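Trainee: Structure provided below as structure tokens; questions to follow.
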Amino acid sequence: MAEPVSVAAEYLAGSRARAARTVLGQVVLPGEELLLPEQEDAEGPGGAGERPLSLNAGARSRVRVVCGPGLRRCGDRLLVTKCGRLRHKEPGSGSGGGVYWVDSQQKRYVPVKGDHVIGIVTAKSGDIFKVDVGGSEPASLSYLSFEGATKRNRPNVQVGDLIYGQFVVANKDMEPEMVCIDSCGRANGMGVIGQDGLLFKVTLGLIRKLLAPDCEIIQEMGKLYPLEIVFGMNGRIWVKAKTIQQTLILANILEACEHMTSDQRKQIFSRLAES
């Protein structure tokens with residue numbers, strides 16, 4: 001056990017200042033420091049040097065960098081906190097910077113502001129509902145955080161109900177807070193999920209895969225059976241079809257498609273369509 005640890009320590013010591021553009025899509029380890037090319041001014045043709053990724057917008061830099069999951073700000077540096085593949089998304093303006101995050105496989109969900117999740121109401125304390133979202137502590141949900149809710153017109157929420165909402169507060173030093181309305185006060189699909197249907201849990205990586213714009217799995221499932229489906233970024237999926245048998249088939253397909261190739265998925269969908 002000591003030998004792998006020493007090898008990892010030597011690796012981190014020798015690669016503490018790797019350039020981010022050279023490791024995109026590659027595995028990064030916790031403790032690494034990321035470097036980016038100079039954005040402000042060039043030092044001649046191809047002479048742009050590399051420096052630690054500066055996150056404090058100074059007078060010279062107009063580049064905006066957003067840190068996603070797996071990365072942490074430490075002064076003017078950007079440190080890796082998770083083991084996984086480094087990803088980057090260019091900004092719409094194309095002016096450099098963008099969003100950096102580490103794509104990793106993990107079982108426990110860590111609340112992130114803006115994430116849409118599926119929670120289970122576990123208790124009611126005064127005007128606050130306690131919602132289990134799969135994190136280290138339950139999230140709080142006010143009864144006024146529903147569309148059209150007032151002090152007289154309270155939403156009909158019972159212990160055990162499924163809630164689809166989003167985080168407005170997600171901080172390691174504060175209790176997570178959920179709402180079931182958007183910035184305009186509309187539900188926009190959020191709120192209490194129906195009593196029927198099936199709720200099951202998958203990996204966080206599969207959720208991101210299913211929500212990708214180029215994912216064909218949901219389109220193929222829609223051609224197979226009429227369905228209603230809700231995805232939560234906390235790894236929970238709620239699905240409902242016309243019959244219980246169809247609902248169970250769709251749930252089994254979603255759980256198994258993570259480790260299937262596209263050819264294997266096409267074979268399964270063709271067999272189900274024939275039967």
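Trainee: Using DSSP, restrict attention to beta bridges with both residues in the range 115-192 and report what percent are antiparallel, rounded to the nearest 5. Kindly include the intermediate steps, with their values, before the conclusion.
Mentor: Working: 19 of 21 bridges.
Within the range 115-192, antiparallel bridges account for around 90 percent of the total.
Trainee: Oh, and also: Viscosity 1.306 mPa s, temperature 10 °C: give me the Stokes-Einstein translational D for the range 198-274 in µm²/s, with Rh taken as the Kirkwood radius over C-alpha pairs. Could the numbers behind the result be given before it?
Mentor: Details: Rh = 12.6 Å.
It diffuses with D of about 126 µm²/s by this estimate.
Trainee: Percent relative contact order of the range 115-192, based on C-alpha pairs within less than 8 angstrom and at least six residues apart? Don't skip to the end; give the middle numbers.
Mentor: Details: 154 pairs, mean separation 23.9, N = 78.
Normalised by residue count, the contact order of the range 115-192 is 31 percent.
Trainee: With each label point set 7 Å from Cα along the Cα-Cβ vector, what nm distance links ASN188 and ASN156?
Mentor: Modelled inter-label distance: 2.6 nm.
Trainee: Okay, moving on. So for CYS74, CYS83, what's the accessible-area order with a 1.4 Å probe, most first? Before the final figure, lay out each step's value.
Mentor: Values: CYS74 50, CYS83 75 Å².
Result, largest first: CYS83, CYS74.
Trainee: In the range 118-202, which trypsin sites (Lys or Arg not before Pro) are in a loop and have at most 16 other Cβ atoms within 10 Å, using DSSP for the loop call?
Mentor: Values: sites: LYS124, LYS130, LYS151, ARG152, LYS172, ARG186, LYS201; in loops: LYS151, ARG152, LYS172, ARG186.
Of the trypsin sites (Lys or Arg not before Pro), the ones in loops of the range 118-202 whose Cβ has at most 16 other Cβ atoms within 10 Å are LYS151, ARG152, LYS172, ARG186.
Trainee: Compute the FRET efficiency between LEU199 and SER270 as 1/(1 + (r/R0)^6), taking r as their Cβ-Cβ distance and R0 = 41 Å, and round to the nearest 0.05. Kindly include the intermediate steps, with their values, before the conclusion.
Mentor: Working: r = 28 Å, r/R0 = 0.69.
Using R0 = 41 Å, I get an efficiency of 0.90.
Trainee: Within the set of other residues whose C-beta is less than 9 Å from the C-beta of GLY197, count the net charge using Lys and Arg as +1 and Asp and Glu as -1.
Mentor: On the way: positive: LYS240; negative: ASP196, GLU228.
With Lys, Arg at +1 and Asp, Glu at -1, the neighbours total -1.
Trainee: Tell me the label-point distance for the pair LYS89, LEU29, using the 7 Å Cα-to-Cβ offset, in nm and rounded to one decimal.
Mentor: Result for the modelled spin labels: 2.9 nm.
Trainee: Sticking with this structure for a sec: For the range 166-205, with all protein chains present and a 1.4 Å probe, just round the carbon and sulfur fraction of the accessible area to a whole percent.
Mentor: 48 percent
Trainee: Once R0 is set to 22 Å, what does the formula 1/(1 + (r/R0)^6) return for the Cβ-Cβ distance between ASN252 and SER104, expressed as a FRET efficiency to the nearest 0.05? Spell out each step's value before the answer.
Mentor: Numbers: r = 26 Å, r/R0 = 1.18.
That gives a FRET efficiency of 0.25.
Trainee: Another question, if that's okay. So what is the accessible area of the range 83-215 per residue, in Å², with the probe set to 1.4 Å? Could the numbers behind the result be given before it?
Mentor: Values: 7520 Å² over 133 residues.
On a per-residue basis, 57 Å².
Trainee: In percent, what relative contact order does the range 198-274 have, based on Cα pairs under 8 Å that are 6 or more apart in sequence?
Mentor: Details: 67 pairs, mean separation 26.2, N = 77.
Relative contact order, the range 198-274: 34 percent.
The values are calculated or read from the model by the stated rules, or taken from the named source; none is laboratory data. Predicted model, so just to flag it, every value in this text is computed and none were measured. Positions of Cβ are generated from backbone atoms using ideal geometry, with glycine treated the same way; all protein chains shown enter the neighbour counts. These accessible areas exclude ligands, DNA and RNA; they are computed on the full protein's heavy atoms, side chains included. Shrake-Rupley method; radii C 1.70, N 1.55, O 1.52, S 1.80 Å.
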